[in-house]
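The structure appears right after this line, and notes come after that.
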Amino acid sequence: MARLRRREQWIEYARSMIAGETVRAAARRCGVHKNTSFRWRHRYLDGLSEVKPSHLHGIVEADETDFLESFKGSRDLPRPARKRGGKAARRQGGQTGAVGRTDPGVDRARDRTTATTDAVLESANTQALRAILEPILDADAVLCSDGSVVYVALAKQLHIAHQPVNLTAGIRVVDHAFHIQNVNAYDCRLKGWMYRFHGVATKYLPNDLGWHRCLERFPASLHQSCSSSRP
């Protein structure tokens, strides 16, 4: 918090972030300029972006989701401006079936204790996923994913069990235990929560992912702390 002023408003600003308010709404709540609100927001979030579980165990569901590349707030765009909305673009490439992206993707992994990690991907190949998941997957974990060959190759490289779920064939659950419904439900909540911001600048996407992970992981304790700190 070095060099930040108006410290009497920091707790109120934290309440605003727990409520998931926009930059402008938080500025109105605390009586500060929107630029101040923006600086405070990302000073708070810089630390949260790196708060992730040290390991995932048991059945670990993994999947990817896409976000539109955004230069929100930038004065110079490296491409023509587009209208609001659209779909994230992908292009197939490589002999391994890896996916090259023209929009940022996010890999998400979640075990059945709700421990969750995610990371922004420049390309959804085995090497990129391995860098994210290898340090935290327990040796006896069972990786559960869709039928993507990237996860098949990853499981082989890490020598861990892998259970694919063939969603394209209409299969949702295998052996009454293996599915990716938890991680997909998390994605649905993430997208719904981010909708209020009308797009997130790609360079700040890791911060917003960390913000949402924190709210998901500690919802009761956050709200209790928020209430008990009121004068």
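How about region 158-192: which of its residues are in contact with a helix residue (DSSP H, G or I) (Cβ under 6 Å, 6 or more places away or on another chain) and over 13 Å from Arg108 (Cα atoms)? Please lay out each step first, then the result.
Residues of region 158-192 in contact with a helix residue (DSSP H, G or I) (Cβ under 6 Å, 6 or more places away or on another chain): 162, 190.
His162 - this is the single residue of region 158-192 that is in contact with a helix residue (DSSP H, G or I) (Cβ under 6 Å, 6 or more places away or on another chain) and over 13 Å from Arg108 (Cα atoms).
How many of the residues making up region 102-146 are touching a helix residue (DSSP H, G or I) at 6+ places or on another chain (Cβ under 7 Å) and farther than 20 Å from Leu190 by Cβ?
Of the residues in region 102-146, 6 are touching a helix residue (DSSP H, G or I) at 6+ places or on another chain (Cβ under 7 Å) and farther than 20 Å from Leu190 by Cβ.
Quick one: count up the residues across region 136-181 that are surrounded by fewer than 19 Cβ atoms within 10 Å (Cβ to Cβ), in contact with a strand residue (DSSP E or B) (Cβ under 7 Å, 6 or more places away or on another chain) and either part of a helix (DSSP H, G or I) or not assigned by TED's automatic domain parsing to the domain that holds Thr126 (or both).
2
The values are calculated or read from the model by the stated rules, or taken from the named source; none is laboratory data. Predicted model only: the values in this text are computed from it and were never measured. Counting neighbours? That spans all protein chains shown, and the Cβs are built from the backbone with ideal geometry, glycine included.
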